[in-house]
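Contents: one structure, followed by commentary.
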Amino acid sequence: MTTPNGPETGPETGPETAPEAGTDPAGTDPARQDLVRRYGARLLTPARRIPDPLRSHVLSRRVAEHPGRGWRAVAGKEFADHVTSVRFLVLFFLLGLACIAAVMSAAGFLRDVASEATDTPSPFLLLYTQSPERIPSFAEFVGFLGPLLGIAFGFDAINQERADRTLPRLVSQPIHRDDIVNGKFVAGLGAIGLTLVLLVTVMAGVGIVRLGITPSPDDVARLFAYLVVTLLYIGLWLAFALLCSVLLRRPATAALVAMAAWLVFTLFGTFLAGLAAGALTDNQTDEVRMEHTVSQVSPSTLYDASTATLLNPQVRSVGLLTAEQLDRAVPGTLSLDQSLLVAWTHITALGAACVVIFALAYVAFLRQEVRA
């Protein structure tokens, strides 16, 4: 059908669509009029909805322009879920009770031997290292129970999303795929760090009230270094639990594997090192050295040696010492930087193990196929 002015064009046949009556999409702006002449009135029609694929593309471009936005969004959401969960509250309550019992016992012991404790360098740090009345010290409690925090926040990080069928939806969001695993790991570290800071602060307050002494600047610096090393140690177990969550389909299986590894390295590590040393050597001296060397594979051994050096200025070595070396040693205390040099190899080993295990979880997650 034709008209005197040419072929009739409907509203859907041409690239340009006439605006509704009484409206002028170009207005009086010369720039808008030029856009209308070049691309048509559809470009300036305000009531048209952008299709969902196009919206996802636009959001993806925005995330690409700001690479840090994706993992921060995931980490913020996961961190909020962690600190408001019953799991977090129960673990914090159990750790708090154990640590309060340890500090109260140490404070009572220090009050009984106050005359001797005053001559000890950094008496405030004795609250975290003394273990009278058969109660483990604060550092020992954290070294034994701390890995449970990492396991609790990591064993179902990925496989629970897969079991709930929310992982495909999460991957389809306009974020990079590695932002998911990065955000979940950072959220777990944040929850662990918050727990450690609260515990150390509360224990310090209890010690100040019970003993009436305040920490020196060197004590505060040593406590901060202790917090960093503890975060590395528990972060290692968080990375291992995250690796189990990526490789194993069921959260219960991942939790069992992670807890089995924790029990082997924490409870039976020294025993297994002794068996290995006895099988490899016949000389008693060589057996002791071999046992010490093999035991360094356990993260708990590395952590115990590091924290003993940081929280006690009188510790001057983390290796084996002979009786002759002990007799020739000059008694004294070390500064914080010297203590860090003594424990540097153990701290570096903990950090390297944490990075390697997280890298394995990272690569395994990126290579997995996610289906709807």
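The values are calculated or read from the model by the stated rules, or taken from the named source; none is laboratory data. Bear in mind the structure is a predicted one, so any value in this text is a computation, not a measurement. Glycine also receives a Cβ, built like all others from the backbone with ideal geometry; neighbour counts cover every protein chain displayed.
Residue by residue, here is whether (1) at pLDDT 85 or above; (2) touching a Ser or Thr at 6+ places or on another chain (Cβ under 9 Å); (3) closer than 25 Å to residue 91 by Cβ; (4) of a type in the set (A, V, I, L, M, F, W, C) holds:
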residue	(1), (2), (3), (4)
104	no, no, yes, yes
113	no, no, no, yes
136	no, no, yes, no
143	yes, yes, yes, no
159	yes, yes, yes, no
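Pairs are defined by a Cβ separation below 7 Å, a sequence spacing of at least 6 or placement on different chains, a first member in the stretch 143-165 that is farther than 18 Å from residue 78 by Cα, and a second member that is of a type in the set (Asp, Glu) and surrounded by fewer than 23 Cβ atoms within 10 Å (Cβ to Cβ); the pairs so defined are 143/304.
Regarding residue 265, is this residue at pLDDT below 80 and either over 30 Å from residue 216 (Cβ atoms) or surrounded by 12 or more Cβ atoms within 10 Å (Cβ to Cβ) (or both)?
no
Do we find that residue 305 is in a helix (DSSP H, G or I), at pLDDT 85 or above, farther than 21 Å from residue 239 by Cα and in contact with a helix residue (DSSP H, G or I) (Cβ under 9 Å, 6 or more places away or on another chain) in this structure? Yes, satisfied. Here 247, 236, 311 are screened, and the one residue that is within 30 Å of residue 370 (Cβ to Cβ) and surrounded by 19 or more Cβ atoms within 10 Å (Cβ to Cβ) is 236.
A search for C-beta distances below 6 Å between a residue of the stretch 304-330 that is over 16 Å from residue 346 (Cα atoms) and among the aliphatic types (A, V, I, L, M) and any residue that is assigned to a loop (DSSP other than H, G, I, E, B) and at pLDDT 90 or above, counting only pairs 6+ apart in sequence or on different chains, returns nothing. Please go through the stretch 146-185 and pick out each residue that is within 23 Å of residue 236 (Cβ to Cβ) and either surrounded by fewer than 17 Cβ atoms within 10 Å (Cβ to Cβ) or of a type in the set (Lys, Arg) (or both). Within the stretch 146-185, 160, 178, 184 meet the criteria.
Within the stretch 132-145, restricting attention to residues that are part of a helix (DSSP H, G or I) and crowded, with 19+ Cβ neighbours inside 10 Å, the residue that is farthest from the chain's Cα centre (by Cα) is 138.
Could you check, for the stretch 273-282, whether at least one of its residues is among the hydroxyl-bearing types (Ser, Thr, Tyr) and assigned to a helix (DSSP H, G or I)? No: the stretch 273-282 contains no residue that is among the hydroxyl-bearing types (Ser, Thr, Tyr) and assigned to a helix (DSSP H, G or I). Selection of first residues in the stretch 201-220 that are modelled with pLDDT under 85 and of second residues that are surrounded by 15 or more Cβ atoms within 10 Å (Cβ to Cβ) and small (Gly, Ala, Ser), restricted to Cβ pairs under 6 Å at least 6 apart or on distinct chains, gives the following pairs, ordered by first then second residue: 207/107; 210/107; 211/107.
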